[in-house]
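**Student:** First, the structure itself, so that you have it in front of you.
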Amino acid sequence: MKKTMISLVAAGALVLSAAPLQAGAVGNGPNYGGNETINTSILHTYSELASFLQTQEAKQKDMELEVIGQSVKGRDLYLVKYMKNPENPTILFLTQQHGNEQLTTEGAIEFIKHLGTGKMKGVTDNVNILIVPMLNPDGAMGDVDFSLDDYVASGDRHLTRYNALGVDLNRDHVTKIQPETQALHFNVMQKYDIDYMIDLHHQGADRVINGDELVSGSILYPTTPNVDPEVLEGSKKLGAVVYDAINPKGWGTLGKYPGGSAETISRNGIAVEYGISTLLFEMRGMSDHAYEDYVLGQKSNGYLIKQTITTLESTVKAIGDGSIDSKDTSFWDTLPEQTSRQSEEDE
Ligand SMILES: [Zn+2]
């Protein structure tokens with residue numbers, strides 16, 4: 001009798017612990033519930049990123065590193081360039097406008113590594129690649145003029161969405177007041193002939209489609225009425241490349257991001273101001289936050305970094321070989337729009 005009770009209890013415990021995994025095993029990993037490890041010291045610091053970029057520039061003959069400006073606290077902001085032929089189409093990847101959304105930068109680091117190896121051989125012959133990694137290094141390093149005491153991650157630093165002055169850089173693309181936004185616009189957007197841009201972010205960990213299926217990310221094209229139809233079509237094709245690369249993966253479940261029309265946001269503003277086809281990609285879960293339900297346990301890091309690498313590699317290949325031009329964009333009509341269980345502080 002006693003034995004039976006124990007096995008019943010054990011069976012019950014198994015069912016309980018298995019349930020969250022079954023809900024959406026793809027790229028799932030644990031949420032932060034106060035028990036899982038969230039340690040920011042496993043992420044690249046700004047200095048580690050800077051020395052990585054300098055080392056790669058010395059190693060890779062096709063790569064050039066440019067300083068495009070400084071953050072509020074004086075950190076150099078970097079642009080990584082692979083520009084063999086000005087006639088080639090050009091794509092820009094932007095990461096970490098929001099300092100607490102770091103796995104996109106971790107993915108960009110791996111992508112830059114791959115560009116220096118045989119794995120990506122020949123790709124830069126036909127496409128120019130620009131990368132601005134960690135546009136908000138002060139926020140990423142928690143070197144800001146406001147308190148982060150209530151942030152949940154452990155480790156030697158906190159990471160925050162805002163820049164050192166508490167400004168959301170992704171609301172500054174019209175007025176361009178912050179030095180980080182100015183560096184991006186004056187020394188990248190206005191200086192290079194860019195055709196495509198992917199702006200990489202992280203959103204809350206609990207976003208779902210189809211009722212209760214957790215997404216590994218969500219995507220969206222420009223949704224301002226002022227966008228040129230051809231630019232919009234290019235954005236939708238860019239999204240199609242990403243969707244076809246990610247969604248068939250076991251860990252990939254993409255939704256449509258429910259975005260508005262504000263042009264203060266790069267996805268809209270940059271599409272309208274420069275005629276660049278833009279795509280927003282919001283990955284699941286943040287590296288640190290004051291809200292526990294925004295932060296994702298670090299067991300998911302591998303999937304999310306892989307999601308970034310896949311996104312970057314698939315788009316440069318599709319632009320380089322021209323296959324992006326014949327992409328079918330009809331999936332957008334049926335892509336389920338994600339919903340939020342909690343508040344929305346995304347994009
Ligand atoms: Zn963001």
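The values are calculated or read from the model by the stated rules, or taken from the named source; none is laboratory data. Predicted model, so just to flag it, every value in this text is computed and none were measured. Cβ coordinates were reconstructed from backbone atoms using ideal geometry, including for glycine residues, and neighbour counts include every protein chain displayed.
**Student:** From the set of residues in segment 40-73 that are in a loop (DSSP other than H, G, I, E, B) and among the basic types (Lys, Arg), which is farthest from Leu159 (Cα to Cα)?
**Tutor:** From segment 40-73, those in a loop (DSSP other than H, G, I, E, B) are 43-45, 60-63, 71-73; that's our starting set.
Imposing the further condition that a residue be among the basic types (Lys, Arg) reduces the set to 61, 73.
Working: Lys61: 33, Lys73: 15 Å.
It comes out as Lys61.
**Student:** Look through Ile305, Ile270, Ile309, Ile265 and report the one residue that is buried (at least 23 other Cβ atoms within 10 Å of the Cβ), more than 14 Å from the ligand (Cβ to nearest atom) and in contact (Cβ under 8 Å) with a residue 12 or more places away in the chain.
**Tutor:** Working: Ile305 fails: buried (at least 23 other Cβ atoms within 10 Å of the Cβ); Ile309 fails: buried (at least 23 other Cβ atoms within 10 Å of the Cβ); Ile265 fails: more than 14 Å from the ligand (Cβ to nearest atom).
From the options Ile305, Ile270, Ile309, Ile265, the qualifying one is Ile270.
**Student:** Continuing with this model, one more query. Being modelled with pLDDT under 95, outside any loop (DSSP other than H, G, I, E, B) and not acidic (Asp, Glu) is the filter here; which residues of segment 204-228 pass it? Reasoning before the result, please.
**Tutor:** Taking segment 204-228 as the starting set, the residues that turn out to be modelled with pLDDT under 95 are 204-216.
Subset that is outside any loop (DSSP other than H, G, I, E, B): 208-209, 213-214.
If the condition is that a residue be modelled with pLDDT under 95, outside any loop (DSSP other than H, G, I, E, B) and not acidic (Asp, Glu), then Val208, Ile209, Leu214 are the ones that fit.
**Student:** Still on this structure, I have one more. Among the listed residues Gly234, Gly204, which satisfies the condition of being surrounded by 21 or more Cβ atoms within 10 Å (Cβ to Cβ), under 20 Å from the mean Cα position of the chain (by Cα) and within 16 Å of the ligand (Cβ to nearest atom)?
**Tutor:** Values: Gly234 fails: within 16 Å of the ligand (Cβ to nearest atom).
None of the other options fit; the residue is Gly204.
**Student:** Same structure again: Only one residue in Tyr192, Tyr243, Tyr221 is crowded, with 24+ Cβ neighbours inside 10 Å, among the hydroxyl-bearing types (Ser, Thr, Tyr) and in contact with a strand residue (DSSP E or B) (Cβ under 8 Å, 6 or more places away or on another chain), so which one is that? Even if it seems obvious, please write down each step before you answer.
**Tutor:** On the way: Tyr192 fails: crowded, with 24+ Cβ neighbours inside 10 Å; Tyr243 fails: crowded, with 24+ Cβ neighbours inside 10 Å.
Tyr221 is the lone residue from the list that is crowded, with 24+ Cβ neighbours inside 10 Å, among the hydroxyl-bearing types (Ser, Thr, Tyr) and in contact with a strand residue (DSSP E or B) (Cβ under 8 Å, 6 or more places away or on another chain).
Yes/no per residue for (1) within 16 Å of the chain's Cα centre (by Cα); (2) under 22 Å from Asn210 (Cβ atoms):
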| site | (1), (2) |
| --- | --- |
| Met286 | yes, no |
| Tyr291 | no, no |
| Leu304 | yes, yes |
| Asp321 | no, no |
| Trp332 | no, yes |
| Glu337 | no, yes |
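**Student:** Let me ask you something else. State all residues of segment 76-96 that are over 21 Å from the mean Cα position of the chain (by Cα) and touching a residue at least 12 places away in the same chain (Cβ under 8 Å); if no residue qualifies, say none.
**Tutor:** If we filter segment 76-96 for residues that are over 21 Å from the mean Cα position of the chain (by Cα), which is where we start, we get 83-89.
Answer for segment 76-96, where residues must be over 21 Å from the mean Cα position of the chain (by Cα) and touching a residue at least 12 places away in the same chain (Cβ under 8 Å): Met83, Lys84, Asn85, Pro86, Asn88, Pro89.
**Student:** Evaluate the following for Asp288: is it over 20 Å from Pro336 (Cβ atoms), crowded, with 23+ Cβ neighbours inside 10 Å and charged (D, E, K, R)? Before you say what the answer is, go through the steps one by one.
**Tutor:** Values: over 20 Å from Pro336 (Cβ atoms): yes; crowded, with 23+ Cβ neighbours inside 10 Å: yes; charged (D, E, K, R): yes.
Yes; evaluated as a whole, the condition is true for this residue.
**Student:** Next question, about the same structure. Checking Ile129 against (1) at pLDDT below 95; (2) in contact with a strand residue (DSSP E or B) (Cβ under 8 Å, 6 or more places away or on another chain), which test does it fail?
**Tutor:** (1)
**Student:** Can you list residue pairs whose Cβ atoms sit under 6 Å apart, with the first residue in segment 135-156 being surrounded by fewer than 12 Cβ atoms within 10 Å (Cβ to Cβ) and the second being assigned to a loop (DSSP other than H, G, I, E, B)? Count only pairs 6 or more apart in sequence or on different chains.
**Tutor:** Phe146/Gly166; Asp150/Ala290
**Student:** Which pairs have Cβ atoms under 6 Å, sit 6 or more apart or on different chains, and link a residue in segment 182-202 that is on the phi < 0 side of the Ramachandran plot to one that is within 14 Å of the ligand (Cβ to nearest atom) and among the acidic types (Asp, Glu)?
**Tutor:** His201/Glu101; His201/Glu282; His202/Glu101
**Student:** Being more than 14 Å from the ligand (Cβ to nearest atom), part of a helix (DSSP H, G or I), more than 13 Å from Tyr46 (Cβ to Cβ) and among the hydrophobic types (A, V, I, L, M, F, W, C) is the filter here, so list the residues in segment 91-110 that pass it.
**Tutor:** Ala108
**Student:** Now for a separate question. So for segment 211-223 (the condition being farther than 15 Å from Pro336 by Cα and in contact with a Ser or Thr (Cβ under 8 Å, 6 or more places away or on another chain)), does at least one residue qualify? Walk me through how you get there before you give the answer.
**Tutor:** Looking only at segment 211-223, we keep the residues that are farther than 15 Å from Pro336 by Cα, and these are 222-223.
Filter again for in contact with a Ser or Thr (Cβ under 8 Å, 6 or more places away or on another chain), leaving 222-223.
Yes, segment 211-223 has at least one match.
**Student:** In segment 259-347, which helices (runs of 4 or more DSSP H) lie fully inside it and hold 3 or more residues that are under 23 Å from Glu36 (Cα atoms)? Walk me through it before giving the result.
**Tutor:** Working: elements: 266-274, 301-320, 331-334.
The helices (runs of 4 or more DSSP H) meeting that bar are 301-320.
**Student:** Which of the residues spanning segment 42-100 are touching a helix residue (DSSP H, G or I) at 6+ places or on another chain (Cβ under 6 Å) and on the phi > 0 side of the Ramachandran plot?
**Tutor:** Gly69, Gln96
**Student:** Going through segment 123-141 one residue at a time, which ones are part of a loop (DSSP other than H, G, I, E, B) and within 16 Å of the ligand (Cβ to nearest atom)?
**Tutor:** If the condition is that a residue be part of a loop (DSSP other than H, G, I, E, B) and within 16 Å of the ligand (Cβ to nearest atom), then Pro133, Met134, Leu135, Asn136 are the ones that fit.
**Student:** Here's a follow-up. Identify, by number, the condition in (1) surrounded by fewer than 20 Cβ atoms within 10 Å (Cβ to Cβ); (2) among the acidic types (Asp, Glu); (3) within 16 Å of the ligand (Cβ to nearest atom) that Asp199 doesn't meet.
**Tutor:** (1)
**Student:** Got at least one residue in segment 163-186 being modelled with pLDDT under 95 and outside any helix (DSSP H, G or I)? Walk me through how you get there before you give the answer.
**Tutor:** Quick first cut of segment 163-186, residues modelled with pLDDT under 95 only: none.
No.
**Student:** With more than 16 Å from the ligand (Cβ to nearest atom), farther than 25 Å from Ile112 by Cα and at pLDDT 95 or above as the only criterion, which of Asp328, Asp321 stands out?
**Tutor:** Values: Asp321 fails: farther than 25 Å from Ile112 by Cα.
After ruling out the rest, the residue left standing is Asp328.
**Student:** For segment 269-290, give me each residue that is of a type outside the set (A, V, I, L, M, F, W, C) and closer than 20 Å to Thr104 by Cα. So that I can check it myself, show each step before the final result.
**Tutor:** Within segment 269-290, the first condition is being of a type outside the set (A, V, I, L, M, F, W, C), and the residues that meet it are 269, 273-275, 277-278, 282, 284-285, 287-289.
Hits for segment 269-290 are Ser277, Thr278, Glu282, Arg284, Gly285, Ser287, Asp288, His289.
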